[in-house]
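Quick notes on the structure that follows.
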Amino acid sequence: MTLRIGIDFDNTLACYDQVFTALARELNLIDLSEVKTKQEIRAQARLRDERLWQRMQGMVYGQRMQQAELFSGAAEFLSHCAANRVDVYIVSHKTRLGHFDETQTDLREAARLWMRHQGFFDRYAILEENLYFESTQSDKIARINSLQCDFFIDDLPEILHHPELAHSIKKILFNSNAAAADVTTCASWREIRAVIFGS
């Protein structure tokens, strides 16, 4: 049986810390000398205005998507999967359009283009038909279950703890700031690789 690994996209494969930092500087949310994580910028933006944060997300996930980075260690993990003919599926809860995005950029196509530029569909041999964008969290859970994944990797505990997520799936939380019961927590892609494939 071929190993089947499902992976979330935003904040699991695609890292936005530098993009949000640059945008926060432009909007005078932080000083030019400051470097902050997406989570820190989110908290600061929400203190000013919830709509501001939603507008920033629309800008980053849309017109600025190509400035995002692949998380350190993810390339090596995906290369290992390709070399060992592991079936990789990317399942993302992502709407087509962002909130308050005046450019009406297609967020799904922006993400697909970023993946193409990063080599997902050639260098890492991920089939483009193995990429799924779902409109709701429930749809995402249903998709993961339908793919019969052996593992699913996500940065959100609420996905991995969702009551409808199949119990047979081994759940990996990619998050250095959280821990969750019945879930393996990894702070890096190197740790994830060791958990799935051994050291």
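The values are calculated or read from the model by the stated rules, or taken from the named source; none is laboratory data. In this text, all values refer to a predicted model and were calculated from it rather than measured experimentally. Every residue, glycine among them, receives a Cβ derived from its backbone with ideal geometry; neighbour counts consider all protein chains shown. SASA here: full protein model, heavy atoms, side chains in, ligands and nucleic acids out. Shrake-Rupley method; radii C 1.70, N 1.55, O 1.52, S 1.80 Å.
What 222 nm value per residue comes from the helices of the chain, counting each DSSP H run with n ≥ 4 as -39,500 (n - 2.57) and dividing by all residues, nearest 500 deg cm²/dmol?
Computed ellipticity for the chain at 222 nm equals -11500 deg cm²/dmol.
Using Cα positions and a limit of under 18 Å, work out the lysines in reach of K38, with same-chain residues fewer than 8 apart set aside.
K38 reaches K94.
Can you check what the net charge comes to around W53, using other residues whose Cβ is under 10 Å from the Cβ of W53 (Lys, Arg +1; Asp, Glu -1)?
+3
How much accessible area per residue does the chain have, in Å², with a 1.4 Å probe?
52 Å²
Given a 1.4 angstrom probe, I'd like the percentage of the accessible area of the chain that is carbon and sulfur, rounded to a whole number.
Reported share for carbon and sulfur atoms: 46 percent.
Mind ranking 4-17, 21-34 by how tightly packed they are, going by the mean number of other C-beta atoms within 10 angstrom, highest first?
Taking the mean over residues of other Cβ atoms within 10 Å, the ranking is 4-17, 21-34.
Compute for the stretch 112-194: radius of gyration divided by Kirkwood radius, i.e. Rg/Rh, restricted to C-alpha atoms, rounded to two decimals.
Over the Cα atoms of the stretch 112-194, Rg/Rh equals 0.98.
Once you charge only the Cβ atoms, +1 for Lys and Arg and -1 for Asp and Glu, what is the size of the charge dipole of the stretch 48-199 about its Cα centre, to the nearest 20 debye?
220 debye
Once you list every other residue whose beta carbon is under 12 Å from the beta carbon of Q137, what net charge do they have if Lys and Arg are +1 and Asp and Glu are -1?
-3
Under 8 Å for C-alpha pairs, at least 6 residues apart: give me the relative contact order for the stretch 57-199, rounded to a whole percent.
22 percent
Rounded, prolate or oblate: which one fits the stretch 24-72, using the alpha carbon gyration tensor with axes a ≥ b ≥ c (rounded when a/c is under 1.5, else prolate when a/b beats b/c, else oblate)?
oblate
Tell me which trypsin sites (Lys or Arg not before Pro) from the stretch 92-164 have a DSSP coil assignment and no more than 13 other beta carbons within 10 Å of their own.
Taking the stretch 92-164 and a limit of 13 other Cβ atoms within 10 Å, the loop trypsin sites (Lys or Arg not before Pro) found are R96, R123.
In 10 Å bins starting at 0, how do the alpha-carbon pair distances of the chain split up by percent?
Bin by bin from 0 Å, the calculated values are 9, 34, 37, 17, 3, 0.
Select from the stretch 118-166 those GluC sites (Glu not before Pro) which occupy a DSSP coil region and have at most 15 other Cβ atoms within 10 Å, ordered by residue number.
Taking the stretch 118-166 and a limit of 15 other Cβ atoms within 10 Å, the loop GluC sites (Glu not before Pro) found are E164.
If you take the square roots of the eigenvalues of the alpha-carbon gyration tensor of the stretch 65-168 and sort them as a ≥ b ≥ c, do you get rounded (a/c under 1.5), prolate (a/b over b/c) or oblate?
oblate
Give the calculated FRET efficiency between R116 and V35 to the nearest 0.05, with a Förster radius of 22 Å applied to their Cβ-Cβ distance.
0.15
Tally the DSSP beta bridges in the chain and give the antiparallel ones as a percent, rounded to 5.
15 percent
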